[in-house]
Amino acid sequence: MSQLLRKTFFAFGLWIASSAVFAQVGACDTTAMNAYLNPLGYYRVWVPTQPCSAYFHSLTPKTGIDAHRDAANIGIPQLIIDNAQENSDVSAALWAQNVYQITGAGSAVWLGMTDSSTTYNWRIFATGATPTYYNWTSGEPNNLRPGCYNGVTGCALCTGTNAYWCSYGEDCAIMNASGQWLDNSCNGTTTGNAGGPPIQRIVVLEINTCPVIAKPHDTTICAGNSASLSTSVISGGTTPFTYAWSPGGQTTQSITVSPTTTTTYTVEVSDRWHCKADSTGTVNVSTPTPPTINVAPATICKNTNANVSLNTVSGTATYTWSFGGGTASSGSGGGPYTLQWVTGGTKTISVTVSDNGCTTTATRTITVDSADAAFTVNPISTCVGQNVAVTVNNVSGTGSYSWSFGGGNVASGTGSGPYAVNWSSSGTKTISLTVTDHTCTATATSGVSVNATPAPAFTLNPSTTACQGQPVAVTLTGASSPTATYTWNFHGGTVISGSGAGPYSVSWNTAGSQSVDLTVTDGGCSGNAATQTITITGGITANAGPDIQICPAVPGQLGAAPVSGYTYSWSPALGLSSATVANPTITIPLNPL
């Protein structure tokens, strides 16, 4: 910031938001200023209406070059007029304190400006900056030179001390007793007197006594963290600067603090002459309160919606959620969210909130109820009248169980089971279960294939008695099935022919009662075996008796004594008393045909 801005802002009571109060010359160590400058031949010019500057004038006039050198060597810049008020105030003070009247000063003082680089392009000696205010008298600046300086051999005005004037023109500026500005030669007479003494003026140095500092940035930290505070001199004052912070007593330009409560820190900046400015910065300490997680309803069924929200949401915070395995169908940031869970149980919802460097975490549990109707049937294919086991996978002590067994007969089981169930007819049977648990409902079904039990039946021919070695025909009379297996047991009989369902031809070589058994298995079902018996008789010897000779009309005896249980059949029956007895009488007719 230029001196013009500094002085104008202060003079009109304006304020710079980033700065502290302006220090004023009365607050500076003027004793130190005088102790430094008086021995160097500079004394105070009192300008009470310019509180941000302290002015010192030389007791002897100097050339413009020497004025600049003095300021550089002493380390204090020359006078720069920033506005009309300062021009009037300083000029009046120079009059009132007889500075203009110092012998040899020509009723003028040097200004700290030059246009030596480019004519009429004025800059400030100390900083190189462009001045913002000018008060040139009419016709000035004119960079006056002798008319003969430009290439005129033997120009008398360009010898001696005037050589500088001829070469460079008027590159320095002065303020005369009327407060007007003129350009003058930095080293030369500019009077046209060849070899005359160079122009000398009083040197005025200006100390800025109003350092302006940057306000430390207010900040917010989380309890336990650190913050950095810093200031800098924006303008004004004289280096070196020192810093003092309170509380804490730090003396650096930047500090790091870790307050436990909100604290306002004051920094005081002091320059070479103890001109001071101060400002404050506040570190707000935040102790975050974990948010409250709201869940509605607090108890839900799986696969139904729950609404999750926070009691407070900050637009500057970031939110990291964990939904305990739940899936959000809507929501972002601080929420609210719509959630579902596919499994039951106690779910933990948590959110981590980060805001202004502070992190806090909140948790909340929600009960997700489920009605689990899953069950198993073993086996899933059975026979008529055969039990199957029906078992619930996960039994709930709070659930109610409603069963349908598709017309089956419950052999055992109540409530959640397990059950033993059978069916008296074949076909596909459906078992269904509805479970209600904490207002949640679930349904499951399972099909059971019930197969008919085969009823084997067959006939024997002959059906009751057969001779040893005599073929007996065995014929299936029940319905045959291509998926059935037929297990025959002929109990020692010899299978002459037949396989599978038959028919068979079987004979027995052992006399007595023999049996035939048949078991049929179809679809894993086996009925009771069908059994029939048959009597096998031993071997028979026919006895017709001895050969006899008889005369016609004279009876003879055939055969032998009868055997119980035998039947007899004689052939031919001609002349026999009977063709069906063991020992018939035979008579040959006298006149046989």
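The values are calculated or read from the model by the stated rules, or taken from the named source; none is laboratory data. Every value quoted in this text rests on a predicted model; they were computed, and no experiment measured them. Please note: Cβ atoms are built from the backbone with ideal geometry, for glycine as well, and neighbour counts cover all protein chains shown. Calculation scope for accessible area: heavy atoms of the full protein, side chains included, ligands and nucleic acids excluded. Shrake-Rupley method; radii C 1.70, N 1.55, O 1.52, S 1.80 Å.
Of note:
- Paramagnetic reach from T436 in the stretch 366-400 [backbone N under 11 Å; point 7 Å along Cα→Cβ]: 400
- Share of alpha-carbon pairs per 10 Å distance bin for the stretch 262-316, given as whole %: 16, 22, 17, 13, 12, 9, 6, 3
- Rounded if a/c under 1.5, otherwise prolate or oblate - the stretch 23-88, Cα gyration tensor axes: oblate
- A dipole drawn for the chain from +1 and -1 charges on Cβ atoms has a positive end, and of A560, S117, P198 the residue lying farthest that way is A560.
- Residues whose amide H falls under 5 Å from that of E170, counting only those 5 or more places apart or on a different chain, are N143, L144, with hydrogens built in the peptide plane.
- Using bins of 10 Å that start at zero, the share of Cα-Cα pairs per bin across the stretch 395-483 amounts to 13, 28, 18, 13, 12, 9, 5, 2, in whole %.
- Subtracting the Cα-Cα distance of S569 and S330 from 0.36 nm times their residue separation leaves 75.4 nm of extension gain.
- Modelled label positions at T103 and S463, each set 7 Å beyond Cα in the direction of Cβ, lie 17.8 nm from each other.
- Descending semi-axes in Å of the stretch 80-143, equivalent ellipsoid built from Cα gyration tensor: 23, 14, 12
- Spatially proximal lysines relative to K215 (Cα-Cα < 30 Å; intrachain offsets below 8 disregarded): K7, K276
- Accessible-area ranking of S446, S185, S381, largest first, probe 1.4 Å: S381, S446, S185
- Using a probe of 1.4 angstrom and keeping all protein chains present, the accessible surface of the stretch 432-473 works out to 47 square angstrom per residue.
- Share, in percent, of DSSP beta bridges within the chain that are antiparallel, nearest 5: 90 percent
- If R0 is 35 Å, the Cβ-Cβ spacing of N378 and S480 corresponds to a FRET efficiency of close to 0.70.
- For q = 0.12, 0.15, 0.24 Å⁻¹, Debye-computed log10 I/I(0) when each Cα of the stretch 467-555 counts as one equal scatterer: -0.49, -0.65, -1.20
- Note on exposure: S578, S258 ranked by accessible area (1.4 Å probe, complete protein assembly) read S258, S578, with the most exposed listed first.
- Projecting the Cα atoms of F375, C275, S505 onto the dipole axis of the chain, where Lys and Arg carry +1 and Asp and Glu carry -1 at the beta carbon, places S505 farthest toward the positive end.
- Sorted from greatest to least, the principal axis extents spanned by the alpha carbons of the stretch 274-389 come out as 113, 20, 18 Å.
- Inter-part distance where the stretch 172-186 and the stretch 237-260 are each reduced to a Cα centre, Å: 44 Å
- With N counted as the residues of the stretch 191-313, its alpha-carbon radius of gyration over 2.2 N^0.38 Å works out to 2.13.
- For a straight C-alpha distance cut-off of 25 angstrom, the lysines reachable from K302 (same-chain residues fewer than eight places away being disregarded) are K347.
- Alpha-carbon centroids, the stretch 544-582 and the stretch 337-367: separation in whole Å: 117 Å
- Computed with a 1.4 Å probe over protein heavy atoms only, the accessible surface of the stretch 255-327 comes to 49 Å² per residue.
- Surface composition of the chain: carbon plus sulfur atoms hold 52% of the accessible area, using a 1.4 angstrom probe and ignoring ligands, DNA and RNA.
- Structure-derived log10 I(q)/I(0) by the Debye sum over Cα atoms at q = 0.08, 0.11, 0.12, 0.13 Å⁻¹ - corresponding label in [x] -0.72, -1.10, -1.23, -1.35; [y] -0.62, -1.09, -1.23, -1.35; [z] -0.85, -1.08, -1.16, -1.24: [z]
- To the nearest ten degrees, helix 64-74 and the longest principal axis of the Cα atoms of the chain are 50 degrees apart.
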